[in-house]
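Student: Mind having a look at this structure? Questions to follow.
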Amino acid sequence: MRLRNWIAVVVGVVLLAAAGTIGFLVNRSALKAADDVHLADSRALAVNNSTLVGRLQLLSAGEIGDFLGDNSLHLGRGNALDRELLRAFAAKSNTFKYGALLVDLDGNVLNSSRATGVPAAGHTGWKPLFAMLRSGAKAGFSSIMGVDGTYLEAVGVPVVVGGAPAAVLVGLNNVATTDLQQYTVTLSSDVHQTAVVDSTGTIAATNRAKQLGAQIDPAIRNALAARPEGGFVEYTTVAGTEMIAITVGGLPGGWSYVRAQTKKSFDGAVHAKSQTLNMTLGAMLLIGVLAMFLLGYRTQTQRRRADERFQALFQHAPDLVSVLSANGTIAYSSPSAAAVLGYGEGVLVGTSVFDLVHPEDQPYMRDQFGRLLANRDEVLRLQCRVRSAAGDFRWFEFTASNQMHNPSLHGIVINARDISENRAFQERLAHEAQHDALTGLPNRRRMQDALGASLREQPVAVLFVDLDGFKPVNDAHGHEAGDDLLRQVAARLTACVREQDVLARVGGDEFVILMPGVIGPSDSEAMSARIREAVSAPFVVGGTEVRIGASVGAHLAAGSTDPDEALRAADHAMYAVKHSRGYPQARAGRHRAAD
């Protein structure tokens, strides 16, 4: 009897030991899978944000390039006309309101919109900017430079004369007020710090504004020096806190994106549950040797705790997690579906995931789903629109993994993150790059694209409109009144054009109208008459009635005509009209560039 009992005890211990070992291995595998997904998602988010940062930097350089394209500089030291142009540029710029400089190729200041508060020529922060320009880059970006308690970034674009750089036009940012800083503040969180640092490790933008101009942790700075492309960095602060940071390098000027938080908050509840589970399994092994009846209890506990592990891995995940069957039916949906999409817990189970996808995205998603099923261990990252419980569609980024061969999952595992705000931000940047900020009309770049596309298929009537008498109104009443007048003119011109026509603002007081499909002069002449009549009516600006006129030059461009040639012909026709009406000055009194 004793032998049987001992045999039973031994069998029970062996079974418990085997089950415990399996439990440890399964837990470790599940933890690794969760860590891999978390690391991949964190890295993807960091890369996405760093891409937006790089685009913001390039957009700022583009603003300087547009200014150089519309203005000619004398490049003489202290030249009064250049100084006025620099001041006007700084005054109207949303990016470089702090000031603008004109420097020679050695960094010596030739002219400035400011009398004081300018970084010294020998400041080390200039080195990255000039290094980029000497390497042939179209723009250069400095490190952060402190001047009188203000932290500045310089963005420089070469002034080309005779095919070679002759000087550098520099815009100065107050980093505390830039769009980059404002965007970074929107990423604010008590859990992590988001920062953009220059090549010296100085913080240029952060969701913790008090740290602007400070140095990032030396461990992060050293890691970026060793791996400029970025990666994960684990380090310990002076206070003894274990930290982890995600870095992405390669931004213009040697800048980098950094997102840092405590190791504990990064690992989250998944690691805590894993440690608890390991301790529980160890205790169960010890208890198993005491009595045979614990064998049955162990089986029940093992099953219950396996379910708890599965729930813990997904319930505490911040993103939407689902498991799909081979035909796309949702077999499991994490509780986060309630917070992310508004669906109650369990409502989505049993429905087809394709019923939630936007109709326009369904063919693509079905094709990708079939590709995923055909390849074991395949992992895909894709984006589509998903319907919420309220009926609206939101953009999501998906990480899909084929786990059909995994007996604990047996399905397609989907990890989804809501990226609607990032998509909206990207679309807004794209819109602003092609539209005039003052009137909302398409700018010169957008108009030239439309003209080229139209001329490839059909003839186009090109009308070049220049306002007569705008400069006296602008000089007498000020730039704000001039802005108001331009907006009113834009509204009247919009009312004149046809639905298929394109109206664009291409200069200070210059507009272009494209009339696709027009082959005879009657339509363009009628349009010219409507424009002159609309502009000749009185305007009320600042409570004062003013009158201006419009000179309209028209050119009928045949299909396949060079777009630049068609635009120049309309421009020449407009100036011929202007000269015939007693306005001999050419391009005088430009208010501001529209692109």
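Student: So which residues in region 88-117 are touching a strand residue (DSSP E or B) at 6+ places or on another chain (Cβ under 6 Å), surrounded by 20 or more Cβ atoms within 10 Å (Cβ to Cβ) and farther than 16 Å from Pro165 by Cβ?
Tutor: Across region 88-117, the qualifying residues are Phe89, Ala90, Phe96, Tyr98, Gly99, Ala100, Asn111, Ser112, Ser113.
Condition check ((1) more than 20 Å from Gln57 (Cβ to Cβ); (2) in contact with a Gly (Cβ under 6 Å, 6 or more places away or on another chain); (3) without any contact (Cβ under 8 Å) to a residue 24 or more places away in the chain) across all residues:
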residue: Leu172; (1), (2), (3): no, yes, no
residue: Thr194; (1), (2), (3): no, no, no
residue: Val197; (1), (2), (3): no, no, no
residue: Gly231; (1), (2), (3): yes, no, yes
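Student: Further question: Go through (1) touching an Asp or Glu at 6+ places or on another chain (Cβ under 9 Å); (2) buried (at least 21 other Cβ atoms within 10 Å of the Cβ) one by one and return the number of the condition Leu493 breaks.
Tutor: (1)
Student: Against the definition (touching a residue at least 40 places away in the same chain (Cβ under 8 Å), of a type outside the set (Ser, Thr, Tyr) and in a helix (DSSP H, G or I)), how does Asn415 come out, yes or no? Don't jump to the end; show me each part of the working.
Tutor: Details: touching a residue at least 40 places away in the same chain (Cβ under 8 Å): yes; of a type outside the set (Ser, Thr, Tyr): yes; in a helix (DSSP H, G or I): no.
No; evaluated as a whole, the condition is false for this residue.
Student: A further question follows. Assess whether Leu59 counts as being part of a helix (DSSP H, G or I), closer than 27 Å to Asn443 by Cα and hydrophobic (A, V, I, L, M, F, W, C). Write out each step before concluding.
Tutor: Details: part of a helix (DSSP H, G or I): yes; closer than 27 Å to Asn443 by Cα: yes; hydrophobic (A, V, I, L, M, F, W, C): yes.
In short, yes.
Student: Give Leu85, Leu110, Leu101 a once-over and let me know the one that is under 18 Å from Leu73 (Cα atoms) and in contact (Cβ under 8 Å) with a residue 60 or more places away in the chain.
Tutor: Exactly one of Leu85, Leu110, Leu101 is under 18 Å from Leu73 (Cα atoms) and in contact (Cβ under 8 Å) with a residue 60 or more places away in the chain, namely Leu101.
Student: Something else now. When you check Ala115 against the structure, is it among the hydrophobic types (A, V, I, L, M, F, W, C) and either at pLDDT 90 or above or within 19 Å of Ala204 (Cα to Cα) (or both), yes or no?
Tutor: Values: among the hydrophobic types (A, V, I, L, M, F, W, C): yes; either at pLDDT 90 or above or within 19 Å of Ala204 (Cα to Cα) (or both): no.
Criteria not met by Ala115.
Student: From the residues in region 118-133 that are farther than 22 Å from Asp82 by Cα and over 28 Å from the mean Cα position of the chain (by Cα), which one is surrounded by the fewest Cβ atoms within 10 Å (Cβ to Cβ)?
Tutor: Ranking the qualifying residues of region 118-133, first place goes to Gly122.
Student: Which residues, counting only those in region 478-518, are over 28 Å from Gln458 (Cβ atoms), outside any helix (DSSP H, G or I) and within 34 Å of the chain's Cα centre (by Cα)?
Tutor: Matches in region 478-518: Gly508, Asp509.
Student: Would you pick out the residues in region 496-512 that are in contact with a helix residue (DSSP H, G or I) (Cβ under 7 Å, 6 or more places away or on another chain) and among the aliphatic types (A, V, I, L, M)?
Tutor: Val502, Leu503, Ala504, Val506, Val512
Student: Considering only region 183-205, state which residues are hydroxyl-bearing (Ser, Thr, Tyr) and more than 19 Å from Glu421 (Cα to Cα).
Tutor: Within region 183-205, the first condition is being hydroxyl-bearing (Ser, Thr, Tyr), and the residues that meet it are 183-184, 186, 188-189, 194, 199-200, 202.
Passing the criteria: Ser199, Thr200, Thr202.
Student: Sticking with this structure for a sec: Yes or no: Leu320 at pLDDT 70 or above, farther than 16 Å from Ile412 by Cβ and buried (at least 19 other Cβ atoms within 10 Å of the Cβ)?
Tutor: Spelling it out, it is not the case that Leu320 is at pLDDT 70 or above, farther than 16 Å from Ile412 by Cβ and buried (at least 19 other Cβ atoms within 10 Å of the Cβ).
Student: Follow-up question, since we're still on this one. Listed residues Gly162, Gly156, Gly171, Gly230; which is at positive phi and crowded, with 21+ Cβ neighbours inside 10 Å?
Tutor: Checking each option against the conditions leaves just Gly230.
Student: Same structure, new question: Being more than 16 Å from Pro158 (Cα to Cα) and part of a helix (DSSP H, G or I) narrows it down to one residue among Arg114, Arg87, Arg77; which is it?
Tutor: Exactly one residue qualifies, and that residue is Arg87.
Student: Right, here's the next one. Out of (1) closer than 20 Å to Ser325 by Cα; (2) assigned to a strand (DSSP E or B); (3) in contact with a Ser or Thr (Cβ under 8 Å, 6 or more places away or on another chain), the odd one out for Thr399 is which?
Tutor: Unmet condition: (3).
Student: Considering Asp475, Asp523, which residue is closer than 21 Å to Ala558 by Cβ and in a helix (DSSP H, G or I)?
Tutor: Exactly one residue qualifies, and that residue is Asp523.
The values are calculated or read from the model by the stated rules, or taken from the named source; none is laboratory data. What you are looking at is a predicted structure, and each value in this text was computed from that prediction instead of being measured. Quick reminder, even Gly has a Cβ in these numbers, built from the backbone with ideal geometry, and neighbours come from all protein chains shown.
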